[in-house]
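Participant: A single structure is presented below for examination.
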Amino acid sequence: MKKKHIILIVIAAAILLIIGSALFLVREQYLGIDEPLRINVPPGTDYTALVDTLDSHHCIPNHTTFHAIARLRRLPSHIKPGSYLLTPKTHVIQMIQKIYSGNQDPVRITINKHRTLQHLCQFFSTRLTLNPDSLLLLLQSDEICKEYGETPQTIIGLFLQNTYEMYWTTSPTALLVRMKRESDYFWDKRKNQLQSLGLTRQQVLTIASIVEEETNADDEKEDIASVYLNRLRIGMPLQADPTVKYALGDFSIRRIRGNMLDCDSPYNTYRYAGLPPGPICIPSVSSIDAVLKNKKTDYLFFCAKEDFSGKHNFAATSSEHSSNAQRFHNALNNRNIH
């Protein structure tokens with residue numbers, strides 16, 4: 001065999017060895033994590049910051065291999081922001097491809113009882129990349145509210161208590177579109193009850209929000225709702241303590257006193273008859289359905305029980321209610337609750 005052929009064979013073998021070694025290294029490049037991990041890549045993240053983030057979570061088993069694959073895939077100039085779920089079985093190539101293509105995994109967000117738009121916007125800003133001020137500006141825009149058939153006071157009602165999956169990079173506009181779609185679906189299933197009640201969706205949500213603030217006991221919600229519905233029907237002021245707390249902006253108040261009732265706010269249902277301008281919180285589904293149930297009672301009053309069980313005594317007459325209220329106030333005084 002000629003010397004030239006021998007040299008070529010040696011070179012070919014070396015190349016195959018290098019390629020084989022590289023393929024072995026790449027094949028073994030699974031992430032060095034023991035359990036599922038979520039990596040958030042904010043908008044504007046550059047390659048250096050991305051590497052630092054991945055490195056801090058032990059997602060780069062071999063830097064030489066990672067950089068080689070990343071540059072081959074042109075990742076440094078194609079970083080897509082998002083929230084990416086990685087597992088111990090995720091290959092480094094898969095991770096790079098996810099971030100390159102923006103194939104992010106949705107995050108789960110549970111909306112509970114929020115009382116104000118400001119608080120709701122802050123809540124979303126801790127779970128999505130959106131700016132709370134931008135979201136608040138959108139929700140308080142008269143033009144946007146009109147487009148969605150709402151007012152700045154009622155638009156919070158589009159956000160229903162539930163758990164949703166959405167992308168971490170969801171924009172304020174996209175969030176509002178999503179909530180409108182969810183709201184329409186929710187109310188479409190209850191349109192017959194709504195029509196029978198003779199109230200608008202916004203009115204039902206406002207009553208339900210008061211019910212939500214009055215009790216945590218689901219088995220009492222229909223009775224409490226009946227009190228407010230009965231008062232509305234006869235033109236009697238709602239006189240709901242939670243609306244006074246909302247008007248004052250102090251939800252820590254445990255006992256409503258006389259001077260608090262003088263608060264000049266359309267949310268003060270002691271001072272102004274009818275419903276307040278909008279919900280005083282995001283009510284639960286059980287509170288909404290309690291209103292839609294439209295339970296028939298003769299109740300016009302209710303008062304917390306003196307045993308502090310969280311339950312209530314209901315009454316049809318003012319004299320009966322006065323007796324119930326006196327027992328409760330005596331219990332408050334005995335416990336020195338102001």
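Participant: So what's Rg/Rh here for segment 36-176, counting alpha carbon atoms and using the Kirkwood radius for Rh? Show your work: numbers first, answer last.
Facilitator: Working: Rg = 18.4 Å, Rh = 16.9 Å.
Radius of gyration over Kirkwood radius for segment 36-176 works out to 1.09.
Participant: With a point put 7 Å past each Cα toward its Cβ, work out how far Arg178 is from Gln326 in nm, to one decimal.
Facilitator: Each label point is offset 7 Å from its Cα along the Cβ direction, giving 5.5 nm.
Participant: Next question, about the same structure. On C-alpha positions alone, give me the angle between the axis of helix 318-334 and the longest principal axis of the chain, in degrees, nearest 10.
Facilitator: The two axes meet at around 60 degrees.
Participant: Compute the angle between helix 47-56 and the longest alpha-carbon principal axis of the chain, please, reported from 0 to 90 degrees and rounded to the nearest 10.
Facilitator: 80 degrees
Participant: Using only Cα atoms, find the angle between the long axis of helix 221-234 and the longest principal axis of the chain, and express it within 0 to 90 degrees, rounded to the nearest 10.
Facilitator: Approximately 50 degrees, to the nearest 10.
Participant: Take the Cα coordinates of segment 127-180, assign each an equal point scatterer, and use the Debye formula without solvent to give log10 I(q)/I(0) at q = 0.20, 0.30 Å⁻¹.
Facilitator: -0.71, -1.34
Participant: Out of every Cα pair in segment 218-262, what percent are spaced more than 16 Å from each other?
Facilitator: Working: 488 of 990 pairs.
That fraction is 49 percent.
Participant: Return the whole-Å distance between the Cα centroid of segment 194-247 and the Cα centroid of segment 98-175.
Facilitator: When both Cα centres are located, 26 Å separates them.
Participant: Per residue, how much accessible area does the chain have with a 1.4 Å probe, in Å²?
Facilitator: On the way: 18100 Å² over 338 residues.
Value for the chain: 54 Å² per residue.
Participant: What's the longest uninterrupted piece of the chain once you rule out the chymotrypsin sites (Phe, Trp or Tyr not before Pro) that are loop residues per DSSP with at most 14 other Cβ within 10 Å? Working shown, then result.
Facilitator: Numbers: sites that count: Phe251, Phe308.
With chymotrypsin sites (Phe, Trp or Tyr not before Pro) excluded where exposed in loops, the chain gives 1-250 as its longest stretch.
Participant: Full-extension gain between Thr151 and Asn336, please, as 0.36 nm times their residue separation minus the C-alpha to C-alpha distance. Let's see the in-between values first.
Facilitator: Details: separation 185, 0.36 × 185 = 66.60 nm, distance 4.14 nm.
That works out to 62.5 nm of additional length.
Participant: Separate question: Within the accessible area of segment 34-151, what % is carbon and sulfur when the probe is 1.4 Å and the other protein chains stay in place?
Facilitator: The value for segment 34-151 is 50 percent carbon and sulfur by accessible area.
Participant: Based on Cα coordinates alone, diagonalise the gyration tensor for the chain, multiply each eigenvalue by 5, take square roots, and list the semi-axes in whole Å, largest first.
Facilitator: Working: eigenvalues 767, 81, 60 Å².
Computed over the chain, the values are 62, 20, 17 Å.
Participant: Let me ask another. Grab the eigenvalues of the alpha-carbon gyration tensor for segment 182-338, scale each by 5, take roots, and send me the semi-axes largest first in whole angstrom. Can you show the working numbers first?
Facilitator: On the way: eigenvalues 137, 61, 44 Å².
Computed over segment 182-338, the values are 26, 17, 15 Å.
Participant: Return the carbon/sulfur percentage of the accessible area of segment 214-338, one whole number, probe 1.4 Å, all protein chains in place. Provide the component values of the computation, followed by the final result.
Facilitator: Details: 2810 of 6170 Å².
C and S atoms contribute 46 percent here.
The values are calculated or read from the model by the stated rules, or taken from the named source; none is laboratory data. These numbers were taken from a predicted model, which means no experiment stands behind them. With ideal geometry, Cβ positions are generated from the backbone for all residues, glycine too; neighbour counts draw on all protein chains shown. Surface accessibility is based on the protein's heavy atoms, side chains included, excluding ligands, DNA and RNA. Shrake-Rupley method; radii C 1.70, N 1.55, O 1.52, S 1.80 Å.
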